[in-house]
Amino acid sequence: MWTEIADRISEVTGDKFEIERHRSVGGGCINRGYVISNSDDSTYFVKLNEGSLVEMFAAEAKGLQQMRSTQTIRVPQPICWGTAANSSYLVMEWLDLGGSGSWEEMGRQLAAMHRSPQKEAKFGWEINNTIGSTPQINTWTSDWAEFFATQRIGYQLKLARRRGGNFPQGERLVEVIPELLSDHQLSPSIVHGDLWGGNADFTASGEPIIFDPATYIGDREVDLAMTELFGGFPAGFYRGYNQVFPLEPGYEHRKTLYNLYHILNHFNLFGGSYGSQANNAIAKILG
């Protein structure tokens, strides 16, 4: 497997790459992660998973490429992806993370990415991708409320019921989402889609970086909301963001709805108390 991956790196980069060293590193709860190096200390980060999941990696690479194209905030450069032996893989540039940097600057750079103009006033993406390992449906839709009601909350509720979840007010919530978002004026933004604290960091030189995306074109507020879901980013991040792209009135109410998507997804991935957390959020949204 490693020889096949090295040969593909050589083909794509035009530089002969033979793996001298590889070691396991954190790859999150979905994938296995490795660092590979050659005798010249050229280094790459590799994600591995089952061979059937190669399209998941292809979509992640596409999302990274699209965010990189905005030239606003650093994301890892995808090098190549495919299958080798019985595994799928994604090779990216290796970035030495864990540095200290400016959270205000990270906020400013994310806001700049969100402000990048989109070709059309539609929501969705060119392909479906995943949120964690859950399918994320991205069929183009001209109405954001309809998109979020059907392809985000409605879809997650359907999966959750198959898992045995009980959400008595779920259908009512889906029905009223258009009303809840009726006064919200927005332009489509490219979003990271899974922006919690574990997917944001600084390089050793202090440069802000975001990674492991679930990219699509949506409401920028979904990214801001998720930064608050698991403890929140430092206050400087939000100051920096609002310097460049101030949030619209009503965000404090919408963020609970937007974060329900991730709570439901966590129920679908992990079960447990996320079910009651989702029901509490639905009750709060419906008031």
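Tabulated results
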item: Selected residue (only one of 287, 275 is modelled with pLDDT under 95 and farther than 15 Å from residue 132 by Cα); result: 287
item: Residues being more than 21 Å from residue 62 (Cβ to Cβ) and either in a loop (DSSP other than H, G, I, E, B) or in contact with a Leu (Cβ under 7 Å, 6 or more places away or on another chain) (or both) - total across region 86-120; result: 7
item: Selection within region 201-248 - touching a Gly at 6+ places or on another chain (Cβ under 8 Å), among the aliphatic types (A, V, I, L, M) and farther than 29 Å from residue 126 by Cβ; result: 204
item: Scan of region 191-212 for residues that are within 9 Å of the chain's Cα centre (by Cα) and in a loop (DSSP other than H, G, I, E, B), ordered by number; result: 192, 193, 194, 195, 196, 211, 212
item: Near pairs, Cβ below 6 angstrom, 6+ apart or cross-chain, from region 230-254 (over 11 Å from residue 104 (Cβ atoms)) to any residue that is in a loop (DSSP other than H, G, I, E, B) and of a type outside the set (Ser, Thr, Tyr); result: 230/196
item: Yes/no for residue 123 being farther than 29 Å from residue 44 by Cβ and buried (at least 18 other Cβ atoms within 10 Å of the Cβ); result: yes
item: Any chance residue 174 is in contact with a strand residue (DSSP E or B) (Cβ under 7 Å, 6 or more places away or on another chain), buried (at least 16 other Cβ atoms within 10 Å of the Cβ) and under 23 Å from residue 137 (Cβ atoms); result: no
item: Number of positions in region 26-51 that are within 14 Å of residue 93 (Cβ to Cβ) and surrounded by fewer than 14 Cβ atoms within 10 Å (Cβ to Cβ); result: 1
item: Residue 127, sole failed condition from (1) among the hydrophobic types (A, V, I, L, M, F, W, C); (2) part of a loop (DSSP other than H, G, I, E, B); (3) touching a Ser or Thr at 6+ places or on another chain (Cβ under 7 Å); result: (3)
item: Sole residue being within 22 Å of residue 203 (Cα to Cα), of a type in the set (A, V, I, L, M) and free of Cβ contacts under 8 Å to residues at least 24 places away in the same chain, chosen from 25, 35, 46, 91; result: 25
item: Qualifying residue in region 88-101 (condition: β-branched (Val, Ile, Thr) and under 21 Å from residue 68 (Cβ atoms)); result: yes
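The values are calculated or read from the model by the stated rules, or taken from the named source; none is laboratory data. In this text the structure is predicted, and so the values were computed from the model without any measurement. Heads up, the Cβs are rebuilt from the backbone with ideal geometry, glycines too, and the neighbour counts pull from every protein chain shown.
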